Amino acid sequence: MGLWELFVIAVGLSMDAFAVSICKGLSVRRCTFRHMLICGLYFGVFQAVMPLIGYILGSQFESLVSSVAPFIAFALLAVIGVNMIRESRDEDDDHINDDFSLHAMVPLAVATSIDALAVGVSCAFLQVNILATVLFIGVTTFACCVFGVKIGSLFGNRYKSGAELFGGVVLVLMGIKILMEHL
C-alpha cells in the first residue's frame, strides 16, 4: 500500500471521529485549545491502537486465509463504508454533550474506532508496515479532530453527515481498489 492509499484510508477512518468532534465543538459555549486537544488525543490514540490490535489478531490467522485475503479486506472495508454512509443519512441526531471527561470520551473514542480495528485486520492480509500505518492513522485523526472541534464551534451541525458520507465512500472505494488489484 502506497502513501496515497494510506492517506485516503486514514482520512476515511477519521471521518466518524471528525463528525463527533464537530458535535463536541457544537456543545461548548467557547471553544478552547484544551477542548480541541482532548478530542484530538482521545480519537487519535484510539484510531491508532485499534488497527494495531486488528493487525495482531489478523496476523494470527493470515496463513489460514491468505488466498482470500483481498476478498476479506474488500468485504470489511465495504461493510464499514456502507455502514458509515447509512449513518450519514440517519436523521436522528445524538444528544450533544459538552462533557470532555474520561468517562464521556472513552466510549466515543471506542465507538468511532471499531472500524479501524477491522482495517487493521485487513492490513495483516496486505503486508503493510503496521507501525507507520497506525502512526499515520493516529496523526491524521488527531489533526481532523482538532479541526473538527473548531469547525463545530464555528459552523454548526451542517458538516457532520457530509463527513460521515465522505468517509464511507472512501472506505468502499479503497475496498474496491484492493479487490480489483487482486483480480
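The values are calculated or read from the model by the stated rules, or taken from the named source; none is laboratory data. Note that the coordinates shown come from a computational prediction; the quantities given were computed from them, not determined experimentally. Ideal geometry is used to build each Cβ from the backbone, glycine not excepted, and the neighbour counts take in all protein chains shown. Just the protein is used for accessible areas: all its heavy atoms, side chains included, with ligands, DNA and RNA removed. Shrake-Rupley method; radii C 1.70, N 1.55, O 1.52, S 1.80 Å.
If I filter the range 62-73 for residues that are surrounded by 14 or more Cβ atoms within 10 Å (Cβ to Cβ), in a helix (DSSP H, G or I) and either within 11 Å of the chain's Cα centre (by Cα) or modelled with pLDDT of 85 or more (or both), do I get at least one hit?
No, the conditions are met nowhere in the range 62-73.
Please note which helices (runs of 4 or more DSSP H) are completely contained in the range 89-183 and include at least 2 residues that are at pLDDT 85 or above.
102-126, 130-155
Restricting to the range 1-46, count the residues that are among the hydroxyl-bearing types (Ser, Thr, Tyr), open to solvent by 30 Å² or more (accessible area, probe 1.4 Å) and either touching a Pro at 6+ places or on another chain (Cβ under 8 Å) or within 18 Å of Leu154 (Cβ to Cβ) (or both).
The number of residues fulfilling the criteria is 1.
Check Gly58, Gly54 and return the single one that is under 17 Å from the mean Cα position of the chain (by Cα), modelled with pLDDT of 85 or more and open to solvent by less than 50 Å² (accessible area, probe 1.4 Å).
Gly54
From the set of residues in the range 121-131 that are farther than 12 Å from Ile72 by Cα and open to solvent by less than 50 Å² (accessible area, probe 1.4 Å), which is nearest to the chain's Cα centre (by Cα)?
Residue satisfying both the conditions and the ranking: Ile130.
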